[in-house]
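Scroll down for the structure; my scribbles are underneath it.
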Amino acid sequence: MEQIIAIVVRNQPGVLMRVAGMFSRRGYNIDSLAVGTTEKPEFSRMTVTMDADEATIQQVCKQLEKLVEVEAVKVLPPDSSSKRSMILLKVHAGEKRIELLRLAEVFRAHAVDVKGSSLTFVATGDEGKLRALIQVMEPYGILEMVQTGLVALERGDTSLRVESSRFSWPRE
Amino acid sequence: MKLTGAEIMVRCLAEEGVSTIFGYPGGAILPFYDALRTSKIKHILTAHEQGASHAADGWARATGQVGVCVATSGPGATNLVTGLATAYLDSIPVVALTGQVARPMIGHDAFQEVDITGITMPCTKHNFLVKEPAQLAHTLRLAFQLAKHGRPGPVLVDVPRDVQTELIEYVHDKLPEVALPQPDMERVNRAIAAINEAQRPVMLVGGGVIRADAEYDAMHLCEKLHMPVVSTLMGLGAISAYRKLFLGMTGLHGHERANNAVKEADLILAVGSRFNDRVTGERSSYGANKKVVHIDIDPAELDKNIYSNIGIAGPMKQVLNLLEQGSKVKDLSPWWQRIESWTSMEEDFGDEQAPLFLKALNAVIKDKDYIVVTDVGQHQMWAAQHLKIQFARQFITSGGLGTMGFSLPAAMGAALARPQSRVISISGDGGFKMTGSELYTISTHKIPVTAIVFNNHGLGMIRQLQTVQFEKRFTSCEFPGYVDFVRYAEAFGVKGEHVKTPEQLAEALAKAMELDEPYLIEVEIDPKDMVLPMVVPGLGIGDFVKFEEKK
C-alpha cells in the first residue's frame with residue numbers, strides 16, 4: 001500500500017544523497033519525493049511516498065533513523081493527513097480558451113500564463129485529483145507538465161518538530 | 001591559539017588518545033604529514049593504502065579503540081575503500097583521514113581528485129568533506145564520536161589541501177556525550193518470561209557481544225541458566241570454546257551439534273547477531289517452531305533478516321544483566337541429553353586432513369595471550385571450527401565482507417595495538433598473494449607477527465563451491481605457477497620455514513611465538529580437502545551436504 005514518510009533531516013550538503021542512497025541501496029523504490037527547509041533553517045523536511053507493506057515500512061524507518069543526519073522519522077496516517085502536491089500544466093488552447101478555463105475551475109486550477117496559443121494552469125491537490133485534471137486536459141493536447149512530490153502534515157496537534165540534533169554538529 | 005589545519009588534525013588525533021596511525025602520503029595530504037613530523041604520534045608507512053585501512057581495522061578489533069588510517073586524494077583514497085567496507089560490515093570503529101584537492105579545484109576533475117565522500121557513502125557509517133576550516137576540529141571530534149557511538153563503524157573525513165594549510169583558531173574541546181537508546185522494559189519482561197518458559201533454549205552470540213565488551217555478561221547469563229551457547233563466526237571468543245556450554249559455531253559451515261541445537265530449539269536468544277545469510281541458511285524455515293528473542297544495539301537489525309517475537313534494542317551489557325536478574329534456573333537435562341546425542345565439535349570434520357593442522361595449534365595457543373587473525377576461505381572456516389578460541393578479541397576475521405588479503409595487514413595492526421600479545425596471521429596462498437607485500441612493513445618495524453600460509457596452490461573454497469554447485473567443473477581455482485612463500489618472505493628480510501605435518505606446524509609455531517620478530521610458516525595442504533560440515537546451499541542450517549565420493 002502507498003505509504004507517506006515524513007523525515008526531518010539536517011539541512012546540509014549531501015543529505016539528500018544519503019537518504020536517496022539508502023532507498024536505492026536497499027532496494028526500495030521512491031514514488032515521490034519533496035524536500036524543503038523547515039521553520040528552523042538548520043533542518044529540512046522530506047516527504048517520501050512509496051509502495052510498501054507494514055514490515056518493509058518499519059525497516060525503511062529504522063534504516064532512515066540510522067543515518068546520523070536524520071533527526072526524526074514518521075509514517076503519516078494517509079486518512080488523517082493533509083496531503084498536497086502541485087502541478088503546472090501547459091495545454092494547447094487554440095480556439096478553446098474559454099472552455100478550458102471553465103474546466104479548470106472545476107479543479108480550482110488557475111491560469112498562470114496565457115502567452116501564445118497555450119494556457120498554463122497551476123493546481124494543487126492529492127495524487128487522485130491531479131491525475132483527474134491531467135485526464136481532462138489530455139484531449140486538448142498537453143504540451144508539457146511538471147509536478148512536485150507530495151507534501152503532507154498529520155492532522156491535529158501532533159508535531160514532528162525537532163528542537164535540537166542528536167549529535168553536536170559544527171556551526172555553520 | 002592559531003594553528004594550521006594540518007596541525008589541528010594532529011592535535012585532534014592526540015585529543016582522542018591516538019598513538020599510532022597507518023597511512024601512505026601523497027600530494028593532497030602532505031601538509032598533514034609535515035605537521036605529523038614533530039608529533040608524538042607514530043606513523044606506520046604501509047606498502048599500500050589497503051594495508052593501512054586493514055591495519056587500522058585490526059588495531060580496533062584487537063583493542064576496541066578507534067583505529068586510524070590516512071591516505072591522499074584520488075587513488076590513495078579509493079585504495080582505502082575495501083578496508084572501510086570490511087570495517088563497516090563488521091561494525092569496527094575506524095577513522096579514515098583523506099587529503100582532497102584544494103577547494104577551488106573541487107569539481108574540476110583535478111589531478112588525483114575523486115569524490116571519496118560519494119564513493120564511501122554506502123560503506124561508512126558517516127563521512128564528511130570539510131569545506132569550512134573553522135569546522136575542522138569539531139568535525140574530527142564528531143568523526144571519532146560517531147565511529148564509537150552505539151553500533152560502531154568507520155567514518156571518513158576528507159580534508160582539502162588548502163584547509164590543511166589555512167590558519168585557524170584552535171581550542172581544546174570535548175563534545176558532549178550522546179545517550180544510547182534505553183531498552184523497552186515491557187519487552188525485557190516478555191523476554192524474561194519467554195526464557196523462563198523455554199524447554200530447549202539456545203543462546204546465539206554474535207560479534208555485537210564483543211563490540212560491546214559484554215562477553216562476561218553473556219557468560220554469566222548462560223552459566224546461570226546452564227543454557228547451551230552457539231556462536232556466529234564474529235562471536236567466536238565471546239564464550240570460551242573450552243566451556244561445556246559451548247556447542248560450537250553455527251551457520252553454513254557450523255558444527256552439526258550447534259546447527260541442530262538451533263534447529264530444534266524452542267527459543268533462540270540472539271545477542272549481537274544480525275542473522276546474516278551465512279548464519280541462517282534458508283531464512284523462511286529458520287525461525288519456525290520457535291520463539292526468537294533478538295537483542296541488538298541497532299534497532300534496524302531487529303526483524304531485518306529474521307522476524308523476532310521479542311526484539312530489544314539497547315546496550316548489550318545492560319540488557320543481558322536485566323535478563324540475568326529476571327531469569328530463573330531450571331532443569332534443562334532432557335535438552336542437554338538430546339544435544340549430546342549429536343556429533344560434538346571435536347569430532348566433526350569428516351576425513352579431511354587440513355583441520356588436523358588447526359587442531360594441532362590448540363595446544364600452542366591454549367591459555368596464552370595470542371591473537372589469531374585469519375584471511376578468507378577454507379582456512380578461515382577450518383580455523384573457526386577447530387581453533388579453541390578462549391577470549392574476546394582473540395579471533396580476528398573479516399566476516400561480513402569476506403575480504404581476501406585482510407589477514408596480514410590486520411595482524412600487523414593488532415600486533416602494534418597489543419605489544420604484549422603475540423599475533424598469528426593465518427592465510428591461504430590466494431589471500432596472501434593479495435596483500436603479502438605488507439611483509440615489508442612488518443619487517444621494517446620488526447612487528448612480531450607469525451604468518452602461517454596454508455598452501456594448496458589454488459583457491460580451495462572456490463574449488464569446493466565448484467564441486468558442490470557446478471558438478472566439479474573447475475575453473476580459475478588452481479594456481480599453475482609456483483610460489484615459494486618462505487623465499488618470498490626472505491626477500492623482505494623475514495625468516496621462515498616449510499612444514500608438512502601438523503606436529504611440525506605446532507612445533508614451528510611454538511618456536512616462532514618465542515621470537516621477537518616476524519616469522520613465516522608455509523604449510524603444504526591437500527588441494528582436495530574440504531570444509532566440513534557444509535550446509536546444502538539454499539537449504540536450512542540442519543541440512544548438511546553429504547559427500548558420497550568426495551575426492
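Where strands (runs of 3 or more DSSP E) fall wholly inside the stretch B:152-209, the ranges with 1 or more residues that are touching a strand residue (DSSP E or B) at 6+ places or on another chain (Cβ under 6 Å), at pLDDT 95 or above and open to solvent by 40 Å² or more (accessible area, probe 1.4 Å) are B:167-169.
Restricting B:V329, B:V372 to residues that are of a type in the set (A, V, I, L, M, F, W, C), open to solvent by 70 Å² or more (accessible area, probe 1.4 Å) and either without any contact (Cβ under 8 Å) to a residue 60 or more places away in the chain or within 25 Å of B:N260 (Cβ to Cβ) (or both) narrows the list to B:V329.
A residue that is away from chain B (no Cβ under 14 Å), among the basic types (K, R), in contact with a strand residue (DSSP E or B) (Cβ under 8 Å, 6 or more places away or on another chain) and under 30 Å from B:P181 (Cβ atoms) cannot be found anywhere in the stretch A:99-115. On the stretch given as the stretch B:117-135, residues that are at the interface with another protein chain (Cβ under 7 Å from one of its Cβ atoms), in a helix (DSSP H, G or I) and closer than 20 Å to B:C12 by Cα total 1.
This table checks each residue for (1) open to solvent by 40 Å² or more (accessible area, probe 1.4 Å); (2) modelled with pLDDT of 95 or more; (3) among the hydroxyl-bearing types (S, T, Y).
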| residue | (1), (2), (3) |
| --- | --- |
| A:L76 | no, yes, no |
| A:S85 | no, yes, yes |
| A:L89 | no, yes, no |
| A:H110 | yes, yes, no |
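For the stretch A:91-100, residues that are open to solvent by 30 Å² or more (accessible area, probe 1.4 Å) and in a strand (DSSP E or B) total 1.
Of everything listed in (1) within 12 Å of the chain's Cα centre (by Cα); (2) loosely packed, with under 13 Cβ neighbours inside 10 Å; (3) among the polar types (S, T, N, Q), the single unmet condition for A:Q135 is (1).
So which residues in the stretch B:13-29 are open to solvent by 40 Å² or more (accessible area, probe 1.4 Å) and either under 22 Å from the mean Cα position of the chain (by Cα) or not assigned by TED's automatic domain parsing to the domain that holds B:Q65 (or both)? Scanning the stretch B:13-29 gives a single hit, B:S19.
If you go through the stretch A:145-171 and keep only what is surrounded by fewer than 13 Cβ atoms within 10 Å (Cβ to Cβ), small (G, A, S) and within 14 Å of chain B (Cβ to nearest Cβ), you end up with just A:S164.
Restricting attention to the stretch B:136-149, which residues are at the interface with chain A (Cβ under 9 Å from one of its Cβ atoms) and touching a residue at least 40 places away in the same chain (Cβ under 8 Å)?
Filtering the stretch B:136-149 for residues at the interface with chain A (Cβ under 9 Å from one of its Cβ atoms) gives B:136-139, B:141-142, B:145-146, B:149.
Matches in the stretch B:136-149: B:L136, B:A137, B:R141.
Filtering B:I396, B:I389 for residues that are closer than 13 Å to B:T86 by Cβ, open to solvent by less than 20 Å² (accessible area, probe 1.4 Å) and touching a residue at least 40 places away in the same chain (Cβ under 8 Å) leaves a single hit, B:I396. A:E39 meets the conditions (1) outside any loop (DSSP other than H, G, I, E, B); (2) open to solvent by 20 Å² or more (accessible area, probe 1.4 Å); (3) within 22 Å of A:G156 (Cβ to Cβ) in every case but one. The failed one is (1).
So in the stretch A:118-132, with the set limited to residues that are under 15 Å from A:E105 (Cα atoms) and of a type in the set (G, A, S), which one is surrounded by the most Cβ atoms within 10 Å (Cβ to Cβ)?
Residues of the stretch A:118-132 that are under 15 Å from A:E105 (Cα atoms), as a first pass: A:119-125, A:129-130, A:132.
Then drop every residue that is not of a type in the set (G, A, S), which leaves A:123, A:125, A:132.
Details: A:A123: 21, A:G125: 18, A:A132: 13.
The selected residue is A:A123.
Tell me, yes or no, whether the stretch B:41-50 has at least one residue that is open to solvent by less than 10 Å² (accessible area, probe 1.4 Å), hydroxyl-bearing (S, T, Y) and touching a residue at least 40 places away in the same chain (Cβ under 8 Å).
Within the stretch B:41-50, the subset open to solvent by less than 10 Å² (accessible area, probe 1.4 Å) is B:44, B:46.
Next cut, hydroxyl-bearing (S, T, Y) only: B:46.
Still in the list and also touching a residue at least 40 places away in the same chain (Cβ under 8 Å): B:46.
Yes; the residues of the stretch B:41-50 include at least one that is open to solvent by less than 10 Å² (accessible area, probe 1.4 Å), hydroxyl-bearing (S, T, Y) and touching a residue at least 40 places away in the same chain (Cβ under 8 Å).
Within the set B:V494, B:V536, the sole residue that is hydrophobic (A, V, I, L, M, F, W, C) and modelled with pLDDT of 95 or more turns out to be B:V494.
Within the stretch B:338-368, which residues are part of a loop (DSSP other than H, G, I, E, B) and over 25 Å from B:N260 (Cα atoms)?
Step one: list which residues in the stretch B:338-368 are part of a loop (DSSP other than H, G, I, E, B), which gives B:341-344, B:348-353, B:366-368.
B:K366, B:D367, B:K368 - these are the residues of the stretch B:338-368 that are part of a loop (DSSP other than H, G, I, E, B) and over 25 Å from B:N260 (Cα atoms).
Look at B:G272 and say whether it is within 22 Å of B:Q380 (Cα to Cα) and modelled with pLDDT of 95 or more. When the stated conditions are applied, B:G272 passes them. Considering the stretch B:87-116, the residues that are free of Cβ contacts under 8 Å to residues at least 60 places away in the same chain and within 14 Å of chain A (Cβ to nearest Cβ) include one that is most open to solvent (accessible area, probe 1.4 Å), namely B:D115. Pairing residues of the stretch B:503-514 that are in contact (Cβ under 8 Å) with a residue 60 or more places away in the chain and in the same structural domain as B:S425 (by TED's automatic domain parsing) with residues that are open to solvent by 80 Å² or more (accessible area, probe 1.4 Å) and part of a helix (DSSP H, G or I), at Cβ distances under 7 Å and at least 6 apart in sequence or on separate chains, gives B:A506/B:A363.
Of the residues A:K90, A:K74, only one is within 30 Å of B:L146 (Cβ to Cβ), in contact with a strand residue (DSSP E or B) (Cβ under 7 Å, 6 or more places away or on another chain) and away from every other protein chain (no Cβ under 14 Å); which?
Working: A:K90 fails: within 30 Å of B:L146 (Cβ to Cβ).
Of A:K90, A:K74, the one residue that is within 30 Å of B:L146 (Cβ to Cβ), in contact with a strand residue (DSSP E or B) (Cβ under 7 Å, 6 or more places away or on another chain) and away from every other protein chain (no Cβ under 14 Å) is A:K74.
Residue pairs whose Cβ atoms lie under 8 Å apart, separated by 6 or more positions or on different chains, with the first residue in the stretch A:8-36 and more than 11 Å from chain B (Cβ to nearest Cβ) and closer than 17 Å to A:K66 by Cα and the second loosely packed, with under 14 Cβ neighbours inside 10 Å and of a type in the set (V, I, T), are A:N11/A:T37. Where residues in the stretch A:42-67 are in contact (Cβ under 8 Å) with a residue 12 or more places away in the chain and acidic (D, E), which of them is surrounded by the fewest Cβ atoms within 10 Å (Cβ to Cβ)? Filtering first and then ranking leaves A:D53. Consider the stretch B:312-337 and keep the residues that are among the β-branched types (V, I, T) and outside any helix (DSSP H, G or I). The one that is nearest to B:M461 (Cα to Cα) is B:I312.
The values are calculated or read from the model by the stated rules, or taken from the named source; none is laboratory data. Note that the coordinates shown come from a computational prediction; the quantities given were computed from them, not determined experimentally. When we count neighbours, we look across all protein chains shown, and the Cβ atoms used for this are built from the backbone with ideal geometry, even at glycine. SASA here: full protein model, heavy atoms, side chains in, ligands and nucleic acids out. Shrake-Rupley method; radii C 1.70, N 1.55, O 1.52, S 1.80 Å.
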